Each structure stands twice: as C-alpha cells, then as structure tokens.
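What follows is a single structure, written as structure tokens, with notes after it.
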Amino acid sequence: MAMGRIPLWLKIGWTAWLLVWAPFYWRYYGPQNFLWVCDMSNIVIGLALWLESPLLFSLQALSVGLVQTLFTIDFLWRLALGHHLTGGSEYMFDSAYPFHIRALSIFHLAIPPLLAWAVIRLGYDRRALLVQTLVAWVILPVSLLFGPEMDLNWVYGPFERPQAWTSPGLWFALCMIGFPLLLYLPTDFVLSRWAPRARVQSA
C-alpha cells in the first residue's frame, strides 16, 4: 500500500506526544504499567501511523476500541452529570493522582476517533480477530504474574478491585474467553460490515 495516506503532522505529533507521555508514566507507575493494553496500544498506534499498517490499526481497534469508547462515555457522563455511568474513569477525578498524570490520561478520549478514522482510511484487516486473540492470550498470563496488587488488565477483578465471587483461576479463565468473545468479536462484527476491507499484500 502506498505511503502518504496518513498526514505527516499526525505521525510527528503522535510521536512527540509519546516522547512526553511515556517517561512520565514510567516514572509514576513503573515499567509494568505498559502491560496495560490501553498503554501498550499508544505505542503500537505510533508504529501503525508510520507504517500506515491496516493490520496494526485493526488490532488496536479490537483491543481497545470498545473499552476506550466506554471510558470516554463514562468520563463525559461524569463531567456532565456528576456521577459515573459505566466506571473505569474514576481516577481521572481523584486528586490522589497528580494532575499532570490525569491530564496525560486524556489520550483515552482521542483513541476511539483516531482508530475509527484510520480504519476507514486504510481499511479493516479481517485477520485482526485471530491475531488479537493470540496477542491477548500472551498478555493476560503475563499480567497475572504481577499479582492482585497490580491487577493488570483486570486479570484479578474488574476496575482493579480483586473479585471475590469466584476463584481466581476461574476468573482468569473467564478473562481469557471473555476478552475475545465480549470485546473483540462484537467489534470485529461491526468493523467487518462498516469499514472497507484492507488490501492484504502477498509476500
């Protein structure tokens, strides 16, 4: 696919933002925080912009598209009405977190429109569902290694609160099944019918 379908200013701007965002997050949260799929997605999107890769954009649309959209709705709902709708954005209003960290987290709101625009422009790669499922099945077990204190990617419970209604093993099994089934599959269904098909180059 010919390069030049993504504006240069967007590539440079996103890269510059990553160079500011990543060191602050690393210092405040630690390197393990980049295992969060939303944080990992920022870096992959930077790569996708420069490569103009439909597959990388499609993977991120499945990985974080629905979650980031719900985050945005919850954030805006809290701003407008004073309470949360779905949850997940509570920390954005928690003064225990430094203001600059919360300000840098505004990227959550930019991701859904950026991914939607990129998928429309470059097309949706139908291979994304299988590939992203395999990626999740690597990231989730690694997240488990950091324990319930970190609760990376909610592998111990939703909203970083370890759950108590079932065993940790069963919850983790539900995560391994639920991520592809409840997050990726519905998004894939919508994008496969709404977005143009990406051209897949043969080797």
Scan of the range 172-184 for residues that are within 23 Å of A118 (Cα to Cα) and surrounded by 14 or more Cβ atoms within 10 Å (Cβ to Cβ), ordered by number:
F179, P180, L183, Y184
Give the residues of the range 154-187 that are within 15 Å of the chain's Cα centre (by Cα) and touching a residue at least 60 places away in the same chain (Cβ under 8 Å), sorted by residue number.
F159, L183, Y184, T187
Any residue in the range 31-43 that is part of a loop (DSSP other than H, G, I, E, B), crowded, with 17+ Cβ neighbours inside 10 Å and small (G, A, S)?
no
Considering only helices (runs of 4 or more DSSP H) fully contained in the range 84-153, which possess at least 3 residues that are touching a residue at least 24 places away in the same chain (Cβ under 8 Å)?
99-104, 107-122, 128-144
What is the one condition in (1) surrounded by fewer than 18 Cβ atoms within 10 Å (Cβ to Cβ); (2) within 24 Å of L140 (Cα to Cα); (3) touching a Ser or Thr at 6+ places or on another chain (Cβ under 7 Å) that I73 does not satisfy?
(2)
Identity of the residue in the range 83-132, of a type in the set (G, A, S) and over 19 Å from F159 (Cβ atoms), that ends up nearest to the chain's Cα centre (by Cα):
A110
Residue under question is L62, and the condition is that it be in contact with a Gly (Cβ under 9 Å, 6 or more places away or on another chain), at pLDDT 95 or above and within 27 Å of A195 (Cβ to Cβ); does it hold?
no
Going through the range 148-171 one residue at a time, which ones are within 22 Å of V64 (Cα to Cα) and loosely packed, with under 14 Cβ neighbours inside 10 Å?
P158, F159, R161
Residue list for the range 154-165, restricted to those being aliphatic (A, V, I, L, M) and either under 24 Å from M92 (Cα atoms) or outside any loop (DSSP other than H, G, I, E, B) (or both)
V155
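The values are calculated or read from the model by the stated rules, or taken from the named source; none is laboratory data. For clarity, every value in this text was computed on a predicted model and none was experimentally measured. Methodologically, a virtual Cβ is constructed for each residue, glycine included, from the backbone with ideal geometry; neighbour enumeration extends over all protein chains shown.
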